[in-house]
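Okay, so here's the structure we're looking at.
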Amino acid sequence: MKNFDADVLIVGGGLVGAALALALKDTPLSVLLLEGREPAFDWPADSWDTRIYAVSGSSRKLLEQTGVWAQLDAARLQAVQTMLIFGDSGPELRFDAPEAGLERLATILESRELQRALWQALQACPNVTLLTPAEPAQLAVDADAATLTLADGRTLSARLLIGADGAQSWVRRQCAIEPQTHDYRQFGVVANFSAEKPHRATAFQWFRTDGVLAWLPLPQDRISMVWSCPAALKDELLALDALQLAARVAAAGGERLGALQTITPAAAFPLRLNHVPKLVAPRVALVGDAAHTVHPLAGQGVNLGFGDVAELAGILSAVLPARCGDLDILRRYERARREPVYLMQGVCHGLQQLFNNNNPLLKAARNFGLGATNQSAWLKRQLIRQAL
Ligand SMILES: Cc1cc2nc3c(=O)[nH]c(=O)nc-3n(C[C@H](O)[C@H](O)[C@H](O)COP(=O)(O)OP(=O)(O)OC[C@H]3O[C@@H](n4cnc5c(N)ncnc54)[C@H](O)[C@@H]3O)c2cc1C
C-alpha cells in the first residue's frame with residue numbers, strides 16, 4: 001500500500017487554488033496547498049487594491065458556503081445595482097438588478113482582501129497543510145500517484161495534483177497541454193479614483209474605438225478603472241502623473257461622475273485569451289487561469305475559476321478519497337466545465353472583436369444591437385441570468 005503525503009496536492013495558492021482547498025475542508029480528503037510566493041498581508045489600512053473583482057452571485061454563494069464571505073470587511077464591499085453600457089456612438093444599454101428580480105448584479109471586492117480572508121480561513125482547517133514558499137521542479141505521474149520533486153529536493157506524492165498556478169501554469173506545461181493563445185495586443189490598465197459625484201452603485205462601461213473602459217464602483221464614491229487598450233495608449237496612460245491621469249479618465253467617461261482624483265496609481269496587465277484543450281490528464285486537473293483566461297471586459301475571469309472550484313469540490317466530496325484522482329472522476333469535471341468556459345470565452349472574445357473594428361457597417365450594427373437589446377426586457381433578463 002502506497003503512502004501519500006496528501007490525497008490532493010494543489011499547486012498555486014491564488015484565489016482559485018486557495019478557494020478549492022477551503023471548499024474541501026469538510027471532506028475526508030487531506031489537502032496540501034503549495035504556493036511559490038510567501039503571502040504578505042501588510043498593506044496600509046487606508047489603501048485600495050487596484051486588482052478589483054466583480055464577484056457574481058454564484059461565486060458569492062461558494063464563498064459563503066466556505067465561510068470566507070463572513071470574514072470580509074463589509075465596509076470594503078460594494079454592491080452593483082445598475083450597469084450602464086455605451087457603444088462608440090448612440091444608445092446606451094442599462095441593466096438594473098430589481099428589473100431582473102435580483103438584490104444586486106454583482107459585488108465588487110479587492111483581490112488582496114479576499115486572498116487574506118482565504119488564507120486565514122485555511123489556517124484553521126485541520127485537513128489542509130500550507131506549504132510556502134515552495135517551488136516545484138519535476139512532476140512524475142504513475143498509475144496511482146502524482147509525485148512532485150521540489151527545487152529544494154523534497155518529494156511530495158498525492159492521488160490527485162491540481163494545477164491552480166495561473167495563466168502560465170507550470171503544471172499544465174508538465175502535462176504537455178498546449179493552450180491555444182490569442183494575444184489581444186491590448187493591456188488592462190487599472191487604477192483607483194475618488195469621484196466628485198455619487199456613483200449610486202453603478203458600473204459603467206464604454207466600448208470605445210481605443211478600447212473598452214470600465215468604471216467599477218467602490219465604497220464611498222471611489223471607483224476602480226479597467227481600461228483595456230492598445231500598447232500605445234497604455235504607455236501614454238502610465239506616463240501621466242496623478243492629476244493628468246484623473247483628468248484623462250474623467251474625460252474618457254464623459255465626466256459622468258464629475259472630476260476624479262487618483263488614489264491608486266496605474267498598473268497594466270497584458271491581455272490574452274487562453275483556450276486550454278484539456279482540463280485533465282491522468283492524476284491531474286487544471287482550475288482557474290491555468291484552465292482558461294478570458295478578456296476582462298465582462299469581469300468574469302475569477303468567476304469562471306470559482307465555477308471550476310464549485311464543480312470539482314462537489315465531485316470530489318462525493319467520491320471515496322482512494323478514487324479522487326481517477327481519470328473517470330476527473331473527466332466528469334472536465335465535461336461539466338467545458339460548456340460554461342467555452343460560452344464565456346466566446347462571448348467575451350466576440351464582443352472584443354465586434355467593437356475592436358472600424359468597419360462603418362459593423363459600427364452601425366453594433367450600436368443598433370445595443371439599442372435594440374436595451375428595448376427588450378426579456379433579452380436583458382436572459383443576459384443577466386447567463387452572466388450570473
Ligand atoms: C486587468 C484585469 C482585470 C481583471 N478583472 C477581473 C474582474 O473584474 N473579475 C474577474 O472575475 N476576473 C478578473 N480578472 C481575471 C482574474 O484576475 C483571474 O482570472 C484570477 O486572478 C485567476 O486566479 P487564479 O488563482 O487562477 O490564478 P492567479 O491569480 O494567477 O494565481 C496563481 C497562483 O499560483 C502561484 N504560482 C504560479 N506558479 C507557481 C509555481 N510554479 N509553483 C507554486 N506556485 C505557483 C502564484 O504565485 C499565484 O499565487 C482580471 C484580469 C485582468 C488581467
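The values are calculated or read from the model by the stated rules, or taken from the named source; none is laboratory data. Just so it is clear, the structure is predicted and the values come from calculations on it, not from any experiment. As a convention, Cβ positions derive from the backbone with ideal geometry for all residues, glycine included, and neighbour counts pool all protein chains shown.
The rows are residues; the columns are (1) crowded, with 21+ Cβ neighbours inside 10 Å; (2) not assigned by TED's automatic domain parsing to the domain that holds G305.
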{"site": "L29", "(1), (2)": "yes, no"}
{"site": "A79", "(1), (2)": "no, yes"}
{"site": "T82", "(1), (2)": "no, yes"}
{"site": "L105", "(1), (2)": "yes, yes"}
{"site": "L131", "(1), (2)": "no, no"}
{"site": "A140", "(1), (2)": "no, no"}
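Among the listed residues G253, G258, which satisfies the condition of being in the same structural domain as W227 (by TED's automatic domain parsing), touching a residue at least 12 places away in the same chain (Cβ under 8 Å), more than 13 Å from the ligand (Cβ to nearest atom) and on the phi > 0 side of the Ramachandran plot?
G258
Restricting segment 151-190 to residues that are aliphatic (A, V, I, L, M) and assigned to a strand (DSSP E or B), which is nearest to the ligand (Cβ to nearest atom)?
Result: V190.
Taking the residues in segment 84-96 that are over 18 Å from S224 (Cα atoms) and touching a strand residue (DSSP E or B) at 6+ places or on another chain (Cβ under 7 Å) as candidates, determine which candidate is surrounded by the most Cβ atoms within 10 Å (Cβ to Cβ). I'd like the intermediate steps shown before the answer.
First, the residues of segment 84-96 that are over 18 Å from S224 (Cα atoms): 87-96.
Going one step further and asking which of them are touching a strand residue (DSSP E or B) at 6+ places or on another chain (Cβ under 7 Å), we end up with 87-88, 92-96.
Numbers: G87: 20, D88: 15, E92: 14, L93: 20, R94: 14, F95: 22, D96: 15.
So, considering only residues that are over 18 Å from S224 (Cα atoms) and touching a strand residue (DSSP E or B) at 6+ places or on another chain (Cβ under 7 Å), the one surrounded by the most Cβ atoms within 10 Å (Cβ to Cβ) is F95.
So, in segment 168-199, of the ones that are among the small types (G, A, S) and not assigned by TED's automatic domain parsing to the domain that holds E255, which residue ends up farthest from A239 (Cα to Cα)?
That would be A176.
Residue by residue through segment 13-48, note down the ones that are assigned to a loop (DSSP other than H, G, I, E, B) and within 11 Å of the ligand (Cβ to nearest atom).
G13, G14, E35, G36, R37, E38, P39
For segment 295-319, which residues satisfy the criterion of being assigned to a loop (DSSP other than H, G, I, E, B) and either away from the ligand (no atom under 15 Å from the Cβ) or touching an Asp or Glu at 6+ places or on another chain (Cβ under 6 Å) (or both)?
Within segment 295-319, A318, V319 meet the criteria.
From the list A239, A266, A322, exactly one residue is away from the ligand (no atom under 16 Å from the Cβ) and not assigned by TED's automatic domain parsing to the domain that holds A21. Which is it?
Answer to the check: A239.
Is there a residue being more than 18 Å from the chain's Cα centre (by Cα), on the phi < 0 side of the Ramachandran plot and among the hydrophobic types (A, V, I, L, M, F, W, C) anywhere in segment 172-179?
Looking for residues that are more than 18 Å from the chain's Cα centre (by Cα), on the phi < 0 side of the Ramachandran plot and among the hydrophobic types (A, V, I, L, M, F, W, C), one finds at least one in segment 172-179, hence yes.
Which members of segment 270-294 meet the condition of being within 10 Å of the chain's Cα centre (by Cα) and not in a strand (DSSP E or B)?
Listed by number, the residues that qualify are G288, D289, V294.
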